[in-house]
Amino acid sequence: MRYLFAGDTVLEQRYEPRYKTRLAIYYGSRDEKIMNDYAVNVSTGGIFIETVIPMPVNTVLYVEFMLPAKDESISCKTKVTWTNEPREIKSKNLPIGMGLQFLGISLDHIHSIREYINEGGLEPAW
């Protein structure tokens with residue numbers, strides 16, 4: 001990711017767009033993935049989770065989700081990079097929730113996500 005500045009505002013720019021989808025996702029601390037919500041978009045670099053209680057920015061979470069028509073579970077460490085909260089809406093096109101950046105995701109999982117995006121005919125979310 002690279003960042004652009006406009007005055008005091010930081011504008012985030014991704015190298016790859018996120019794609020609209022709806023995936024059940026489990027997430028939580030390393031020992032427990034007890035929260036279950038839905039991802040509304042995905043890219044090879046991250047995922048956005050719709051949740052009424054977004055975690056604070058920089059929170060480390062472990063996620064696990066299945067891609068449709070795949071027989072493998074994708075799991076990896078992530079970091080909350082931004083939130084869309086009721087009192088501070090940053091994107092009107094997204095629900096309340098949080099954007100997560102994948103950390104330490106395997107190349108096999110990146111390829112699986114890319115294949116899902118390409119074969120699923122998913123539309124860019126931006």
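The values are calculated or read from the model by the stated rules, or taken from the named source; none is laboratory data. The shown structure was predicted, so the numbers you read here are calculated from the model rather than taken from an experiment. Backbone-built Cβ (ideal geometry, glycine too); neighbour counts: all protein chains shown.
Some values worked out for this structure:
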read-out: Of the criteria (1) modelled with pLDDT of 90 or more; (2) under 12 Å from the mean Cα position of the chain (by Cα), which one N84 fails; value: (2)
read-out: Residue match in segment 113-124 (condition: outside any loop (DSSP other than H, G, I, E, B), surrounded by 17 or more Cβ atoms within 10 Å (Cβ to Cβ), in contact (Cβ under 8 Å) with a residue 40 or more places away in the chain and hydroxyl-bearing (S, T, Y)); value: yes
read-out: Filter result (of a type in the set (K, R) and free of Cβ contacts under 8 Å to residues at least 40 places away in the same chain) within segment 15-29; value: R22
read-out: Residue, surrounded by the most Cβ atoms within 10 Å (Cβ to Cβ), within segment 25-44, restricted to residues that are out of contact with any strand residue (DSSP E or B) (no Cβ under 6 Å at 6 or more places or on another chain) and at pLDDT 90 or above; value: S43
read-out: Top-ranked residue in segment 82-96 [being touching a residue at least 24 places away in the same chain (Cβ under 8 Å) and within 17 Å of V42 (Cβ to Cβ); ranked as surrounded by the fewest Cβ atoms within 10 Å (Cβ to Cβ)]; value: N93
read-out: L67 being among the aliphatic types (A, V, I, L, M) and out of contact with any Gly (no Cβ under 9 Å at 6 or more places or on another chain); value: no
read-out: Test: T78 is over 18 Å from G104 (Cβ atoms) and of a type in the set (V, I, T); value: no
read-out: Residues satisfying the stated conditions in segment 22-69, i.e. in contact with a Ser or Thr (Cβ under 8 Å, 6 or more places away or on another chain), closer than 17 Å to S91 by Cα and part of a strand (DSSP E or B); value: A39, V40, N41, V42, G46, I47
read-out: Filtered residue count, segment 12-21, keeping only those that are modelled with pLDDT under 75 and either over 21 Å from P95 (Cβ atoms) or not in a strand (DSSP E or B) (or both); value: 4
read-out: Residues of segment 70-91 satisfying the condition of being touching a strand residue (DSSP E or B) at 6+ places or on another chain (Cβ under 9 Å) and in a loop (DSSP other than H, G, I, E, B); value: E72, K90, S91
read-out: Pairs, first farther than 22 Å from P86 by Cα in segment 48-66, second part of a loop (DSSP other than H, G, I, E, B) and of a type outside the set (V, I, T), C-beta under 8 Å, six or more apart; value: Y62/S29; Y62/R30; Y62/K33; V63/K33; E64/K33; M66/E72
